[in-house]
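Where a number appears in this text, it was derived from the coordinates with a stated rule and is not lab data. Just so you know, these numbers come straight off a predicted model, no measurement behind them. Positions of Cβ are generated from backbone atoms using ideal geometry, with glycine treated the same way; all protein chains shown enter the neighbour counts.
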Amino acid sequence: MNPSRRDVYDLLTGKIAPFASEDGAIVFDRIVHAPVDDETVGLVAEAIIDGDPQTRRAGLFVFAGLQDESTERREPFRPLLKTIRKLLLDDCADVRCDALMAYAFFDPDDLTGAVHEFLSDPAGRNRLQAVRILDAERNPRNLPTLLTLGLDPYHEESPDDAREWLVIREAARSAIERTAETSFPDLVELEDIEGVPCHFHVWDPIWNWAVRTRIRGRG
């Protein structure tokens, strides 16, 4: 008999807990200490096809936490790649976000396209996840896209998303600096806006720099 939805969640977290728990909660950075064996792979596979979004998220969360950028820990999960790709279109925004993180570990050929799709995802957390992946890539070809993220239109349509826009914009600014290996003026005053520390007026010098270096934003 197949385990129930809650059984899958409990079995997976119970398998990881001895290696990654602290004060009764599983700590993401400690999951990597857990072994990758057939049982773990099977539980992750069960979790990511579960009807409960939180169980799907738990499977993706554990998979990502198990990775240390080694082939040995990633390859046992490769049969799950197609399923994880389907979760990029999940109805639950949080599942989509965690699926993108998991998908990126496989470095698939269509990762760039998937990331760019997420840059227009209505959920701010998902757009931020895409920016973080672009930041990690350090690819100069991403600079036009990162520039455009300084003008995120979603905050205008959704007042509840205003803080997310600020977080995304600041993440994009930092990613531009790291990708272009340049620093923008430190004289710009740091402001606390919606609880986010922002260099609020720094996008003017960023765009001036982009014009000088012949980098154009998209859109």
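Tilt of helix 5-20 relative to the longest C-alpha principal axis of the chain, in degrees (0 to 90, nearest 10)?
Taking Cα atoms only, the helix is inclined about 80 degrees.
In vacuum, with every alpha carbon of the chain counted as one equal point scatterer, what does the Debye formula give for log10 I(q)/I(0) at q = 0.15 Å⁻¹? Two decimals, please.
The Cα Debye sum returns log10 ratios of -1.01.
When the Karplus curve 6.51 cos²θ - 1.76 cosθ + 1.60 is applied with θ = phi - 60°, which whole-Hz ³J(HN,Hα) does each residue of segment 59-65 get, with x for Gly and Pro?
x, 5, 4, 5, 4, 4, x
Between beta-carbons, use under 10 Å as the cut-off and find the net charge around GLN129, counting Lys and Arg +1, Asp and Glu -1.
Its environment carries a net charge of +2.
Given H placed 1.01 Å from N in the peptide plane, which residues other than close sequence neighbours of CYS198 have an amide H under 5 Å from its amide H?
GLU191, ASP192, ILE193
What FRET efficiency comes out for the pair ARG216/ASP109, r = Cβ-Cβ distance, R0 = 25 Å, nearest 0.05?
0.45
Compare the peptides 82-93, 24-35, 168-179 by average per-residue count of other Cβ atoms within 10 angstrom and give them in order, highest first.
Descending packing order for the listed peptides: 168-179, 82-93, 24-35.
Expressed as a whole number of Å, what is the distance separating the alpha-carbon centroids of segment 99-133 and segment 1-70?
First find each Cα centre; the distance between them is then 22 Å.
Just to confirm the number: angle between the C-alpha axis of helix 162-180 and the first principal axis of the chain, 0 to 90 degrees, nearest 10?
Once rounded, one gets 80 degrees.
Going by amide H atoms built from the backbone, whose H comes under 5 Å of the H on SER21, apart from near neighbours?
Placed amide hydrogens put VAL27 under 5 Å from SER21.
Is segment 1-108 best put as rounded, prolate or oblate by its Cα gyration tensor, with a ≥ b ≥ c the root eigenvalues, rounded for a/c under 1.5, and otherwise prolate when a/b is larger than b/c, oblate when not? The partial results should precede the final answer.
Working: a/c = 1.39, a/b = 1.07, b/c = 1.29.
Rounded shape, in that the Cα axes give a/c under 1.5.
Please list 3J(HN,Hα) in residue order for segment 34-50, calculated via the Karplus relation 6.51 cos²θ - 1.76 cosθ + 1.60 where θ = phi - 60°; whole Hz, with x for glycine and proline.
7, x, 9, 10, 4, 5, 5, 4, x, 5, 4, 4, 5, 5, 6, 10, 5
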